[in-house]
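The structure appears below as structure tokens.
The values are calculated or read from the model by the stated rules, or taken from the named source; none is laboratory data. None of these values were measured; they are calculated from a predicted model. No Cβ is skipped: glycine too gets one built from the backbone with ideal geometry, and neighbour counts run over all protein chains shown. Accessible surface is based on the protein model in full, side chains and every heavy atom, while ligands, DNA and RNA are left aside. Shrake-Rupley method; radii C 1.70, N 1.55, O 1.52, S 1.80 Å.
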Amino acid sequence: MEKRVNDNLRIGINTSKNSTIALVFLAALKGIVGLYSGSTVLIADAVHTSLDIFTSLAVWVGLRLSLKDSGEKFPYGYYKAENLIALFVSVLILVSGVELLRQALASINNPIEIEIQGIALGTAVFSVFVIYAISVYKGKIGKQIDSQALIANAMHSYTDVFSSLVVVIAIAGSMLGMPWLDSIGVLVISLMIFRLGIGIARDSILILMDAWLDKESIVRIRQAIGDIKGINKVEDIRLRKSGLVVFGEVIVETQGDVDLKKVEMLSDEIKSAVKKEVDNLEHVVVNAKPGKMAVVKVAVPVVAQDGLRSKLSLHLGKAPYFIIIEMENDKFKNWDVIKNPAATLEKKKGVKTAEFLISRDVNVLIIHDIGDGPFHVLRDNFVKILQMPGSAKNVDDVIGKVHEFDVITSPTEDRT
């Protein structure tokens, strides 16, 4: 996981570098043409593009810091440097937006005639295509590596497309005898910048405060974890983003008591479920708590259909019948006798019997001996295996004493 994140960070760094070079050229071109032509809207657009230079540089710095190895002071790494940079960038955007707004309001009553209008218009049109290409490039890479700062930077570039279109309209209007459109264009661009800065600042602050913005993913993760066999219910899911990576915690209640090995198996399944919904998952902690089942089905192997007086069978696969005792809140509710369809098989009687009991939703098995195959089949499906006492002769001897029996934690010598 760490290698993948580092590779994504390097991709983001290269993207920021390439975008910065292209933006420096474009901002210089618009600024020079704007000064010589007297187009305030083109100069404002150059300022807007210059902001993208600073944001690209800021993203570059943030991604570079995220590559640093974590130390004792920063055990979770430097990933949030990217979010801090995004917040800093949003402040720059807001300040620039306010300044441009002030200039636009001041120049509406005193419009300036644009000179070399053809070159100014050509520069604006050229800017539309270049900025659009840059925004698509950064947006595609940002989504690919799930970088908040790079996606925010791409959004900023995307608004530059619209601001450049405003410049085209303003210059064209000036050529048609409407010079006041130049000042109106500056006003529109400044408002767009201001709105963008607020959006980036809001998202940066929320993520720095460990807010999780994708609520729909939580619903999907909860559903996926709830479908895992052995999970009784999902109590809580907590996710937080730090730069490119995501850290999380999941609290679940298991179906009855499970050992450490089973908890580890469940944890792996839960992590896989989260990874399917969350990109760049760095680490997730799974806390599993045993849950008490209201209704429990207890299977007891017997040699005949004599009801609760049926004689117990010491074997699993060879047992011709099973009595399924249903208990609710630790109290006897009812029982049923079922025939073991695997008893007459020549091979794998124990495994097939175990699979049959699982298909009947058995939660607890009381047995004297159990082989390796059926033991693991049952334990992997969260069936508790209890040791049948040697003194027990019939089903009556085990009813009401289920909680007194020892748990079988490994296969016995029986090979059925």
Take the range 395-415 and flag every residue that is open to solvent by less than 40 Å² (accessible area, probe 1.4 Å) and either over 21 Å from P320 (Cβ atoms) or at pLDDT 85 or above (or both). V395, V402, F405, I408
Where a residue in the range 126-155 is under 13 Å from D52 (Cβ atoms) and at pLDDT below 75 and its partner, wherever it lies, is polar (S, T, N, Q) and not in a helix (DSSP H, G or I), with Cβ under 9 Å and at least six apart: N153/S147
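Is it the case that the range 194-206 has a residue that's aromatic (F, W, Y), at pLDDT below 85 and either open to solvent by less than 20 Å² (accessible area, probe 1.4 Å) or in a helix (DSSP H, G or I) (or both)?
Yes, the range 194-206 has at least one match.
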Subset of the range 333-358 that is outside any loop (DSSP other than H, G, I, E, B) and polar (S, T, N, Q) - its residue that is most open to solvent (accessible area, probe 1.4 Å): N334
Residue within the range 359-369 that is surrounded by 15 or more Cβ atoms within 10 Å (Cβ to Cβ), modelled with pLDDT under 90 and among the basic types (K, R) present: no
Does any residue in the range 296-307 that is over 11 Å from I367 (Cα atoms) come within less than 7 Å, Cβ to Cβ, of a residue that is open to solvent by 60 Å² or more (accessible area, probe 1.4 Å) six or more places away or on a different chain, and which pairs are these? K297/D361; V303/K311; A304/K311
Counting just the residues of the range 374-394 that are free of Cβ contacts under 8 Å to residues at least 40 places away in the same chain and under 20 Å from L266 (Cβ atoms), which one comes out surrounded by the fewest Cβ atoms within 10 Å (Cβ to Cβ)? H376
In the range 1-42, anything farther than 29 Å from K276 by Cβ, in contact with a helix residue (DSSP H, G or I) (Cβ under 8 Å, 6 or more places away or on another chain), open to solvent by 10 Å² or more (accessible area, probe 1.4 Å) and at pLDDT below 75 is listed as T40
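Just a yes or no: is a residue in the range 217-224 touching a His at 6+ places or on another chain (Cβ under 8 Å) and either in contact (Cβ under 8 Å) with a residue 24 or more places away in the chain or in a loop (DSSP other than H, G, I, E, B) (or both)?
Step one: filter the range 217-224 for residues touching a His at 6+ places or on another chain (Cβ under 8 Å), giving none.
No, the range 217-224 has no match at all.
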